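Scroll down for the structure; my scribbles are underneath it.
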Amino acid sequence: MKNTVEIRWHGRGGQGAKTAALLLADVAFKTGQYVQGFPEYGPERMGAPITAFNRISKDEIRVHSNIYDPDYVAVVDETLLHSVDVTAGLKKDGAIIINTPKSSEEIRPLLNGYEGRVITVDARAISESTLGKNFPNTPMLAAVVAVTGILERDPFIQDMKASFRHKFAKKPEVIDGNMKALQMAFDAVEEAL
Amino acid sequence: MSAKSIKERMSGNEAVAYAIRQVEPDVIPAFPITPSTEIPQMVSTFIANGQMNTDFIPVESEHSAMSAAIGAEAAGARTMTATSSVGLALMWEELLLAASNRLPIVLTLVNRTLSGPININCAHSDGMGARDTGWIQIYSENNQEAYDNYIQAFPIAEDPSVHLPVMICQDGFITSHAVQNIELLDDASVKEFVGSYDPEEYLLNPGNPVSVGPYSVSNYAMEAKKAQADAMVRAKDAILKTGERFGKLSGRSYGLFEEYRTADADYIMVIMGSAAGTAREAVDELREEGVKAGVLKLRVFRPFPEDEIAKALSACRAVAIMDRCESYNGHGGPLAQEIPAALFRNRVSVETVSYVYGLAGRDFRVEEVRSVFQDLQDLSENGKTIEQFQYIGLRKKQE
């Protein structure tokens with residue numbers, strides 16, 4: 001799978017990791033690329049560890065298996081670091097993006113000796129300050145876009161604004177909060193990079 | 001190409017729901033079951049929003065869904081439904097009635113394993129369990145094929161020389177819930193392609209009263225079965241004609257199966273559904289390494305294109321037959337029975353190895369395709385003994 005970026009999402013049921021993967025596929029689609037976004041379904045229940053995947057490519061995507069050697073990993077819930085081998089197969093020249101208030105130095109010892117880039121984003125704090133609730137997937141989506149460079153910041157923000165207007169047509173009051181969450185996450189990652 | 005192509009991204013379920021809106025059948029009776037639930041759910045939203053004019057009947061079980069579909073279709077209405085797994089199993093009795101009464105119902109099946117252990121993920125055991133019910137069965141690799149096959153289902157089913165129900169299958173979750181790129185057709189082109197449904201005979205036709213599904217005595221029942229079997233044979237031509245016509249409309253034509261790099265192949269894998277894409281990826285890798293590998297992706301399982309498959313496999317050295325389904329006969333799944341029989345009847349002598357893979361959503365990877373081709377090479381070139389029937393992707397004992 002040359003020319004293909006592979007991303008694996010780790011989250012817990014109910015946190016929106018699947019939605020984030022589907023939104024990322026949307027974002028990449030609008031850049032004219034081939035995309036794939038899919039969750040791995042197990043026993044569906046709130047709080048259970050779940051995995052979702054993205055492939056983004058210049059070429060048609062034919063493979064339908066899960067992703068075992070990702071270029072990037074996004075961890076939506078840092079408590080998973082103790083129970084799931086989130087860096088399994090993660091490429092050294094890739095990166096892992098983790099939702100946590102801790103610094104990358106504090107997190108690295110939990111990553112089974114992973115030597116690549118570790119980027120931390122306090123998606124929970126961003127979400128709580130902008131939306132008043134813990135919806136970490138919106139800031140995590142922005143963080144993944146910022147780290148992977150799938151889309152430049154400005155077109156990404158414009159694009160998401162249109163998506164949110166459509167998605168939240170009946171709840172316009174949450175659009176501003178979501179947009180702010182995206183901006184703050186982007187700022188945080190740009191600082192870390 | 002005559003239709004407008006709309007570049008989109010959507011899941012397999014969304015793609016089928018989109019196609020249903022465009023075809024706009026008269027009646028949809030449905031009962032929800034994972035992973036096909038989204039299809040009637042999205043369609044009922046389209047109906048509620050006034051985007052399509054279809055009678056949606058929420059029924060209390062899949063048995064009732066197929067019963068209502070039979071009633072509606074017999075009355076002269078273009079009818080479809082959707083289901084998965086044990087939902088299809090509960091329709092079993094009615095599936096046979098739909099086919100034997102020659103009712104061109106379309107069923108979109110999102111393949112999910114039959115219980116047990118109870119599991120929501122993909123296997124082909126549901127569709128394969130219904131393989132002798134008299135339904136035409138077409139399998140799809142991805143969202144695009146699920147969409148394209150669904151649109152073609154109506155002209156195939158309603159062809160006056162066929163008059164049989166059609167099952168359009170796609171892999172549960174693997175494609176039904178995966179968002180990928182797709183090229184949609186414009187509404188008007190789809191409507192024109194499927195045309196209007198004008199059955200020759202139907203119940204709500206006072207000028208020409210008919211009975212549907214009466215008791216048939218032994219003096220006549222066997223002729224009815226033979227007529228049904230003959231219609232299935234004729235379906236092949238209707239499928240090919242429709243696939244070609246769809247190609248003119250969309251730029252994507254369809255046959256009974258698709259051959260990938262098989263022309264000069266020493267080794268060919270026969271496979272259906274989403275795993276065929278993974279197999280093609282592995283074949284490209286192997287070709288770069290000098291291994292002459294190829295893939296035969298079976299699209300039409302009923303009617304079974306036995307002579308065509310035998311011909312396509314006649315020049316290779318060894319064939320891997322891949323079943324996402326167990327038959328509990330001790331030597332392979334449904335394809336592992338049909339294909340060697342096809343080879344035998346066509347006097348084609350070629351080594352075959354049968355595999356069961358991907359049961360209950362077990363992931364099927366490029367590495368596993370490669371290991372299957374390695375088996376074929378070992379068998380054919382290295383003089384090794386290879387087990388004739390194997391499971392692939394099983395956990396090792398310590399796992």
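None of the figures in this text is laboratory data; all of them are computed from the coordinates on show. Nothing here was measured: the structure is a model prediction, and the numbers come from that model. Note: ideal-geometry Cβ built from the backbone for every residue, glycine included; neighbour counts use all protein chains shown.
Tabulated results
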item: Residue among A:LYS92, A:LYS180, A:LYS171 with the largest mean-square fluctuation in a Gaussian network model of chain A, springs linking Cα atoms under 10 Å; result: A:LYS171
item: Local electrostatic count, B:VAL27, Cβ distance below 13 Å [Lys/Arg +1, Asp/Glu -1]; result: -3
item: Within the range A:39-150, percent of DSSP bridges classed antiparallel, to nearest 5; result: 20
item: Spatial separation of Cα centroids for the range A:25-104 and the range B:1-61, in angstrom; result: 30
item: Formal net charge of residues neighbouring A:SER127 (Cβ-Cβ distance under 15 Å; K, R +1; D, E -1); result: -2
item: Positive-end residue, the protein assembly as shown charge dipole about Cα centroid, Cβ charges, pick of A:ALA17, B:PRO214, B:ILE20; result: A:ALA17
item: GluC sites (Glu not before Pro) restricted to DSSP loop in the range B:339-390 with at most 11 other C-beta within 10 Å; result: B:GLU387
item: Most fluctuating residue given options B:ALA99, B:ALA178, B:ALA227, as computed from a GNM of chain B linking Cα atoms under 10 Å; result: B:ALA227
item: Prolate/oblate/rounded call for the protein assembly as shown, Cα gyration tensor, a/c under 1.5 rounded; result: oblate
item: Loop-located GluC sites (Glu not before Pro) in the range A:1-58 whose Cβ has at most 12 other Cβ within 10 Å (DSSP); result: A:GLU44
item: Charge dipole magnitude, Cβ of K and R +1, D and E -1 - the range A:4-192, Cα centre, debye nearest 20; result: 580
item: Shape of chain A, Cα gyration tensor, a/c cut at 1.5; result: rounded
item: Under the Karplus curve 6.51 cos²θ - 1.76 cosθ + 1.60, θ = phi - 60°, whole-Hz ³J(HN,Hα) for the range B:314-320, x wherever Gly or Pro sits; result: 5, 9, 8, 8, 7, 10, 9
item: Among B:GLY273, B:GLY71, B:GLY87, residue whose mean-square fluctuation peaks in a GNM of chain B (springs only between Cα atoms under 10 Å); result: B:GLY71
item: The range A:114-185-the range B:196-216 distance, computed between alpha-carbon centres (Å); result: 58
item: Calculated [θ] (222 nm, deg cm²/dmol) that DSSP helices of n ≥ 4 give over chain A, each run adding -39,500 (n - 2.57); result: -12000 deg cm²/dmol
item: Net +/- balance of residues flanking A:LYS91 in space, Cβ distance below 10 Å, scoring K and R +1, D and E -1; result: -3
item: Per DSSP, loop GluC sites (Glu not before Pro) in the range B:25-62 with at most 11 further Cβ within 10 Å; result: B:GLU60
item: Fraction of antiparallel bridges per DSSP, the protein assembly as shown only, in percent to nearest 5; result: 40
item: The protein assembly as shown, dipole about Cα centre (Lys/Arg Cβ +1, Asp/Glu Cβ -1), debye to the nearest 20; result: 240
item: Residue-averaged [θ]222 nm for chain B, counting only DSSP H segments that reach four residues, each worth -39500 (n - 2.57); result: -13000 deg cm²/dmol
item: Antiparallel content of DSSP bridges confined to chain B, in %, to 5; result: 25
